[in-house]
Amino acid sequence: MAIIYINKKKYNFSHANNLLQTCLSLNIDIPYFCWHPELGSVGFCRLCAVKQYNNLNDSSGRIIMSCITPIVNNMIITTHDTEVNKFRKGIIELLMTNHPHDCPICEEGGNCHLQDMTVLTGHHNRRYTFDKRIHKNQYLGHFISHQMNRCIGCYRCVRYYKDYAGGTDFGVYGASNNIYFGRFEDGCLDSEHSGNLIEVCPTGVFTDKLSSKNYNRKWDLQHAPSICQHCSIGCNIIVGEKYGIVSKIENRYHSHINRYFLCDLGRFGYNYVNTKYRLKYPIQVFQNKCIILNQNDSIDIVSNILKNTNRIMGIGSIRSSLENNFALRKLVGKENFSSGMLDNEHKCVKLIIDILENSGLYIPTLYEVESYDLVLIIGEDITHTSPRLDLAIRQLNKIQQSKNYQQYNVPKWHNVAMLNISNKKTCIYIVHTHEIKLDNISAMSHYASIRDQEIFTTVLAHKIYGVSHSFKNLTADVMNDTEIIYKALLSCKKPLIISGTHSGSINLIHSSTNIAQGLQALKKDVGLILLTASSNSIGVGLISDFSMTDVMNKISSDQIDTLVILENDLYRYVLKKDMDCILKKIKNIIVLDHVLTPTARKSTIFFPTTNFSESSGTIVNYESRMQRFFSVFNPMVYDNTICILEAWFWLYKIYYKIHNINNIDITLDHVIQDYINHIIIFKSVLNVAPNEKYRILNQKIARLSHRASSRTAIFSELNIHEPKQKNDENTMFAFSMEGNQQPNQDMEYIPFVWSPGWNSLHAWNKYIFKNDHYNSGVHIFQRNNLNKKYDLIERYDVNARNDEWKIIPYYVLFGSEELSQYSDVISKNYSTAYVIIHNKYKKILGLALNQKIEFECLGQLFQLSIQFSSKIPLKQLGLPLGFPNIPHVLLGCVVKNIRGVI
Ligand code: SF4
Ligand code: SF4
Ligand code: FES
């Protein structure tokens, strides 16, 4: 601890932070530009000047840059005096000489760090009267606009994109007063994390193109704290809405998960919620005609159907909340509720749950990932399936490259020094089917078919345990590469093992756990991350004992006549021809969904449900952390003729109707209480977030900022009154600017970030350092002393043939994930499926340039374009599982009759 004196007050502080960060956390305003809590300090912009005095007799002091100054004992600092104020004002004036005064038409306006800092320093007169420098803007892809004239040259963008995120297609060009930040030429930004430029840049150089289409000022948006629904990481987001249209997703700080950054899927993948192609009324299909029903009739019809059959199954959804899934389980009965996953995935998730609960292995948070000193990634392309983890791994690698920073007494926040002492040694080891993006920074990548990966990792596990194995005829590559990884694992202190369900291999999950447990036995401080396919795979896995394959088997043997399908497109899993046959056997196909999936098109009765922006609920991430997302608006406010309700609400209504239960309020808290009563494992869900009764100073928490004024009401030519919002009976938030709006240091779930004088997202820096409290969510499985041992796999099926072509999966950021496929910008620009095969087959199959490939699998003919790889093993055919018409059931299937087609 150090004693420091700031503005004549005495504080005790740790040495860990720089002076700027320390002052901000004490709620002392110091303007800054080039510093960023995650990017560190470079001392470049000179805006964060403060005055330091040698001792109490020193009356003149000297100006120092607070971002680059460490805290030392007995420091005496003034943050505001005439000289310092003048200095900072002068710096802003200099930085602003070329900045256009276009705030009224700049989309950053009202959410701009430059605006905030300009006001904070008191610069309001422009004395520079000459021509301004003018730049040409670039096309940077479908998501980000570029307005280079607004640049103030703080270098944050390039430091983020290149140094932090590892991007290679963005840089700084030019010199002196004519520097340019962008790509070498126009084109889509290549990084999966490019959207963070929007928040990293303190001005309006990079703005959100999706948001521009439905643009509103920050103060006119209604906000809610939410959780990204696109993968199992569970990043925290803020959703912004106006008039029923979601127009922005921003990062919401979570100290142990995403901290300051999201991936592009999380930031831009939401547009499906605004789709025009959505059913808004309950519908019954009768004699090939669609009949629109009202709420009561639809409930009556379905409850009558369900009352009169016991040949019923419910299919849950890994992309739907715990509340929705539980409501379906309650309706159909536990023994009739399926997880909605194919057998293989279901078993993988069940094994992961068992490991989370019983293995005693530590599951690190995303932030903790950065503290490991070696990572072994097995069968997962995390850049495309769990992208924020990719960013964390890159930081892990960088920190290891600057490992000796403590030896040199360099603080971690000193970005320039950290870069200078870095070496090129990396600590990432990868086992995968073919090349992935992280290969560029890996120490070693081993490529093998999934079966050979299983053998490889099992051999490695045996080595770690020091026991012999029975695998014969291992190739020199396998012997060599297992030895390299083995030695690296032995020489590190804190290894991290990452695997998951995306390879569809239960054995890979098993052997990853073996490796982790073997390392634990060697007293390594090991961490294990097992990723799943969707945002709530673990949650659904916890409440369901049956897979979708079980349901299909029952249907095939004519045991089922009624299916209730919750927010799940079965055609993503099974070939269309097969699913058509299966569904033909079902008399009543009752579908609840918010997107018009191929399955919804087959429904005999359809219930329109709310999506994540319109409803509240709980999902469980890969750590077993339960997190709550909150609705940002109620769709029926803007059009009271529609009938879109929460899935849990529909299902409870039907349940109560069947059981003649009346007069019960169905609220989120009611559903939560109900599943705690039935499933004890969820008992701590009550601690995830306050209930509806929570008040601050007797007020609900406002979703709108105090400046919400309707001054930009876009329908004012029709009606100057804003639509009256409904009361929110489910959460502690109000659909209103009425309510508590004060920045609250202790609230984990805040709808929008703001601090007096700080309107941009940089206001986070006024919150978090005061109290590292933003660690919302509750783990279902706490770290425990259980130490269930998972036996080493001793042999693999020796009869498995290696001479047949097999399908292996590959994933892409935009296109593989289901919900984002319904976003128009993503479906128009990204989803082209292709096959990956080894480039040797170019010659063997006589394939010409741009020729397509044709093959048969499971009795269906496929025709796709090709990409060649020099790493993918022979006889392996990579397919983008999850793309339309490329269902997950193909994984591992044998392929026949491969040929080129013109
Ligand atoms: S583009 Fe933005 S982040 Fe990059 S240097 Fe300019 S002002 Fe700074
Ligand atoms: S990493 Fe996953 S949870 Fe996080 S923003 Fe990206 S898609 Fe969303
Ligand atoms: S923030 Fe300190 S010099 Fe830029």
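Worth pointing out:
- Here residue 604 does not fit the description of being under 27 Å from the mean Cα position of the chain (by Cα), over 29 Å from residue 681 (Cα atoms) and not assigned by TED's automatic domain parsing to the domain that holds residue 779.
- Selection within the range 139-152 - open to solvent by less than 10 Å² (accessible area, probe 1.4 Å) and under 24 Å from residue 48 (Cα atoms): 148
Here's the yes/no breakdown for (1) assigned to a helix (DSSP H, G or I); (2) surrounded by 24 or more Cβ atoms within 10 Å (Cβ to Cβ); (3) touching a helix residue (DSSP H, G or I) at 6+ places or on another chain (Cβ under 7 Å):
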residue	(1), (2), (3)
613	no, yes, yes
636	yes, no, no
651	yes, yes, yes
657	yes, no, yes
665	no, no, no
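- Tallying residues that are of a type in the set (S, T, N, Q), outside any loop (DSSP other than H, G, I, E, B) and in contact with a Lys or Arg (Cβ under 8 Å, 6 or more places away or on another chain) within the range 615-630 yields 1.
- Flag for residue 720 being farther than 25 Å from residue 321 by Cβ, at pLDDT below 80 and not hydroxyl-bearing (Ser, Thr, Tyr): yes
A quick yes/no check of all residues on (1) in contact with a Pro (Cβ under 8 Å, 6 or more places away or on another chain); (2) assigned by TED's automatic domain parsing to the domain that holds residue 761; (3) within 22 Å of residue 613 (Cβ to Cβ); (4) within 11 Å of ligand 1 (Cβ to nearest atom):
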| site | (1), (2), (3), (4) |
| --- | --- |
| 145 | no, no, no, no |
| 159 | no, no, no, yes |
| 164 | no, no, no, no |
| 180 | no, no, no, yes |
| 188 | no, no, no, no |
| 204 | no, no, no, yes |
| 209 | no, no, yes, no |
| 227 | no, yes, yes, no |
| 232 | no, yes, yes, no |
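- Residue list for the range 22-54, filter: more than 8 Å from ligand 3 (Cβ to nearest atom), within 26 Å of residue 166 (Cα to Cα) and crowded, with 23+ Cβ neighbours inside 10 Å: 36, 40
- Test: residue in the range 422-440 that is over 29 Å from residue 621 (Cα atoms) and touching a residue at least 24 places away in the same chain (Cβ under 8 Å): yes
- Checking 483, 454, 435 one by one, the residue that is in the same structural domain as residue 389 (by TED's automatic domain parsing) and surrounded by fewer than 17 Cβ atoms within 10 Å (Cβ to Cβ) is 483 and no other.
Yes or no, residue by residue, for (1) free of Cβ contacts under 8 Å to residues at least 60 places away in the same chain; (2) within 16 Å of ligand 3 (Cβ to nearest atom); (3) in a loop (DSSP other than H, G, I, E, B):
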site	(1), (2), (3)
808	no, no, no
814	no, no, yes
820	no, no, no
825	no, no, no
828	yes, no, no
842	yes, no, no
847	yes, no, yes
850	yes, no, yes
853	yes, no, no
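The rows are residues; the columns are (1) out of contact with any strand residue (DSSP E or B) (no Cβ under 7 Å at 6 or more places or on another chain); (2) over 30 Å from residue 500 (Cβ atoms); (3) more than 16 Å from ligand 3 (Cβ to nearest atom).
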| residue | (1), (2), (3) |
| --- | --- |
| 222 | no, yes, yes |
| 233 | yes, no, yes |
| 237 | no, no, yes |
| 247 | no, yes, yes |
| 261 | no, no, yes |
| 281 | no, yes, yes |
| 288 | yes, yes, yes |
| 293 | no, yes, yes |
| 300 | yes, yes, yes |
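- Number of residues in the range 212-243 that are open to solvent by less than 10 Å² (accessible area, probe 1.4 Å) and closer than 25 Å to residue 756 by Cα equals 13.
- Residue check for residue 253: in contact with a Ser or Thr (Cβ under 8 Å, 6 or more places away or on another chain), part of a loop (DSSP other than H, G, I, E, B) and touching a residue at least 60 places away in the same chain (Cβ under 8 Å): no
- Matching option when the condition is outside any helix (DSSP H, G or I), in contact (Cβ under 8 Å) with a residue 24 or more places away in the chain and of a type in the set (Val, Ile, Thr), among 410, 416, 375: 375
The values are calculated or read from the model by the stated rules, or taken from the named source; none is laboratory data. This one's a predicted model, so the numbers in the text were calculated from it and none came from an experiment. Every residue, glycine among them, receives a Cβ derived from its backbone with ideal geometry; neighbour counts consider all protein chains shown. Accessible surface areas use protein heavy atoms only, side chains included; no ligands, DNA or RNA. Shrake-Rupley method; radii C 1.70, N 1.55, O 1.52, S 1.80 Å.
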